[in-house]
Every structure is written in C-alpha cells, then in structure tokens.
Amino acid sequence: MRNRNEKNMQISGMNCAHCAAKVEKALSEVPGVKKAKVDLKKARGTVKFDESQVTETALVNAVTEAGYQGVFE
C-alpha cells in the first residue's frame with residue numbers, strides 16, 4: 001500500500017499568476033506527486049504526494065529550482 005500525504009508549503013517570491021503556475025508545474029512534475037495547487041494570494045501551496053516515492057526535500061528543491069523559496073508548514 002502506498003503512503004499518501006497532503007502537506008502545505010509556504011512559498012515566497014511569487015508576484016503574479018505566472019509565478020504561481022510555474023511553481024505548480026514544478027511541483028506537479030516531481031515523480032510521486034499526485035496533485036499540486038498553488039494559491040498566489042495566500043503565498044502557499046498544497047501538495048498531495050506518495051511518501052514512498054518523493055521526499056519533502058525533493059519538493060522544496062523543485063520550488064527552489066523554479067526560482068522561489070518553499071518551506072513546509
């Protein structure tokens with residue numbers, strides 16, 4: 001059985017809808033992520049992922065590589 005998890009992440013550095021879409025896409029492309037949703041106004045994202053396939057560190061790295069800063073709450 002897979003271990004699915006949903007966690008919230010604070011994301012800084014986003015200024016527009018394009019920024020939020022870029023972060024959402026970066027998170028969604030990480031293997032093991034089932035769904036990623038980013039809210040620009042709240043500066044946060046919600047990520048549903050399989051803990052057996054991806055770590056929180058990999059998700060933070062994906063946000064960093066997209067040009068933003070992410071920290072899990």
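Per 0.36 nm of contour for each residue apart, how much would the distance between Thr57 and Gln69 grow if the chain were fully extended, relative to their Cα-Cα spacing?
Taking Thr57 through Gln69 to full extension adds about 3.1 nm, to one decimal.
When you take every Cα atom in the chain, what is the radius of gyration, and what is Dmax, the widest Cα pair distance, in Å?
Reported Rg and Dmax, both Å: 11.1, 39.
So between Lys35 and Lys7, what do we pick up on full extension, going 0.36 nm a residue minus the alpha carbon distance?
Length gained between Lys35 and Lys7: 9.0 nm.
Is it possible to state the helix-based mean residue ellipticity at 222 nm for the chain, with each DSSP H run of 4+ residues giving -39500 (n - 2.57), the sum divided by total residues, to the nearest 500 deg cm²/dmol? What is it?
It lands at -9000 deg cm²/dmol.
Quick note: the coordinates plus some simple rules give every number you see, no bench work behind them. Given the structure is predicted, the values throughout are model-derived calculations rather than measurements.
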